[in-house]
1. Kindly check whether there is at least one residue in the range B:156-163 that is over 28 Å from B:CYS243 (Cβ atoms), of a type outside the set (Ser, Thr, Tyr), within 14 Å of chain A (Cβ to nearest Cβ) and buried (at least 24 other Cβ atoms within 10 Å of the Cβ).
2. Name every residue in the range A:42-64 that is of a type in the set (Asp, Glu) and either under 18 Å from A:ALA90 (Cα atoms) or more than 9 Å from chain B (Cβ to nearest Cβ) (or both), in order of residue number.
3. Taking the range B:257-287, which residues are over 18 Å from B:CYS243 (Cβ atoms), outside any loop (DSSP other than H, G, I, E, B) and of a type in the set (Val, Ile, Thr)?
4. What's the number of the only condition in (1) within 8 Å of chain B (Cβ to nearest Cβ); (2) outside any helix (DSSP H, G or I) that A:LEU22 fails to meet?
5. Restricting attention to the range B:276-296, which residues are without any contact (Cβ under 8 Å) to a residue 60 or more places away in the chain and either β-branched (Val, Ile, Thr) or surrounded by fewer than 21 Cβ atoms within 10 Å (Cβ to Cβ) (or both)?
6. Quick one: which helices (runs of 4 or more DSSP H) sit completely within the range A:28-96 and have at least 3 residues that are surrounded by fewer than 16 Cβ atoms within 10 Å (Cβ to Cβ)?
7. State all residues of the range B:310-340 that are more than 14 Å from B:PRO242 (Cβ to Cβ) and assigned to a loop (DSSP other than H, G, I, E, B); if no residue qualifies, say none.
8. Could you please let me know if B:ALA266 is of a type in the set (Gly, Ala, Ser), in contact with a strand residue (DSSP E or B) (Cβ under 9 Å, 6 or more places away or on another chain) and farther than 22 Å from B:LEU65 by Cβ?
Amino acid sequence: MPEPVPAVAGAVQPRLAAGVRLRFDTIRQAWLLLAPERVIETEGPTHDILSRCDGIRTIGQIVDELAAIYAARRDDIEADVCALLDELAAKRLVTL
Amino acid sequence: MNVATTIPLPAPLGLLAELTHRCPLACPYCSNPLALEGRDSELSAAEWARVFREAAGLGVLQLHLSGGEPGARRDLTEITHAAHEAGLYTNLITSAIGFTRDRLAELRAAGLDHVQISIQDTEPAASDRIAGYDGAHARKLAIARTVAELGLALTINVVLHRANIARLRDLVGLAAALGAGRVELAHAQYYGWALRNRAALMPTRAQVEAATADLAAMRARYAGTLAIDAVVPDYYARRPKPCMGGWGRRSLNVTPSGRVLPCHAAETIPGLRFWSVRDRNLAEIWTRSPAFQAFRGTDWMRAPCRSCERREIDFGGCRCQAMLIAGDAAEADPACALSPLHGRMLAMAEEAAGTDDVYVYRAPAPRAPARALDGATAGEPPPP
């Protein structure tokens, strides 16, 4: 029997929650996260993470990709990614 | 690493499309005007599609398909598809009556993003009496569950008033049990039908205070699992609500026949001229319509709003409420403690909450009037 997957772990495949869409708005020239009664601008590392929450990539893969982009230590990136995903999950923007 | 923050945007964010004023329910706090627009005057699906493209071009991000009951439109799927094609985040605001699993699946395939279902109370008899429609509650619960099962985002909407406010906690619990990710608890807003029914709907101050405590408790209990948004009870407030986020600042409302309003109740203000999407492009209406210009910004303000440090926070409150209570839409919303009429508004609430009156259902009432509180005695509704 496999171990139950912890809330945030490398093998989890995060995706945008039901009713949440990420799209580029050409009028405001910004990436926007659209959710029930909410509009949130995303940029920088937040956007880099959210745009990879496709339900296919694992957290481990997302961390690998960001570590390459930012040329940073994998452990540091992993801590940041997990903290942000936990926060987004609590806001029901991401499903883990 | 910063978490994203909400940004202020100059272009409108939202458009409320009242697809029809037809509705199987007859709620006594309906936000539609007393004079309902008929089916013959409704915009066609093609006209709505044009409005959606113009809205997206103007910068609108979120579209609310509302009514009346939007499900009364047989072309709702076509309309939803057009909204999605225009790039709009599409939200259906419904009573749930007239929907089936197949129809919801069809809407999901057409691009629907989010569904909001109204619930009147926790118990079927009490709920159906408010809705003026037997069997509504059971059907609403079934459709709400179906929405969640289909993987669509679900919000449960509740209008709070004297007959259901004591069950705020149970209403939130019901929303959670139905699979909602969000619940909207809105105290009745006293315009149109709700104003006519104010005496039957107004809660007491003690009820409002208990509800405020209940709300805080529910927010703590459901933190991280259920978002709870609340609309304050104006009559017992000290600060006015920032109505519509400011007049003509964030959103537009299009009536079934295509009249474009700054808010759904704006037609209650005499003298405003509304333009129609049948005659003009939405961008022109947004920027130049006399109705939108009337109370935009802060230039129209008088004392005490004009010099108030909160004038860009609450925008003087609600223009329609100023019209109704102060008799002039350019006055401060009497919900504000700085308004000379604030005490009178509170007295109106306390007087209304002390009476036990019958509901005047949204016409035509589908059945005999029921007692607002105990359902014990049927009586004739008061004349309009």
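Only the coordinates and a few stated rules stand behind these numbers; no lab work does. Keep in mind the model is a prediction, meaning the values are calculated, not measured. Here the Cβ positions follow ideal geometry from the backbone for every residue, glycine too, while neighbour counts run over all protein chains shown.
1. no
2. The answer is A:ASP48, A:ASP54, A:ASP64.
3. B:ILE285, B:THR287
4. (1)
5. B:SER276, B:ASP279, B:ARG280, B:GLU284, B:ILE285, B:THR287, B:ARG288, B:PRO290, B:GLN293, B:ALA294, B:ARG296, listed by residue number.
6. In the range A:28-96, A:59-70, A:74-90 are the helices (runs of 4 or more DSSP H) which contain 3 or more residues that are surrounded by fewer than 16 Cβ atoms within 10 Å (Cβ to Cβ).
7. Correct list: B:GLY327, B:ASP328, B:ALA329, B:ALA330, B:GLU331, B:PRO334, B:ALA337, B:LEU338, B:SER339, B:PRO340.
8. no
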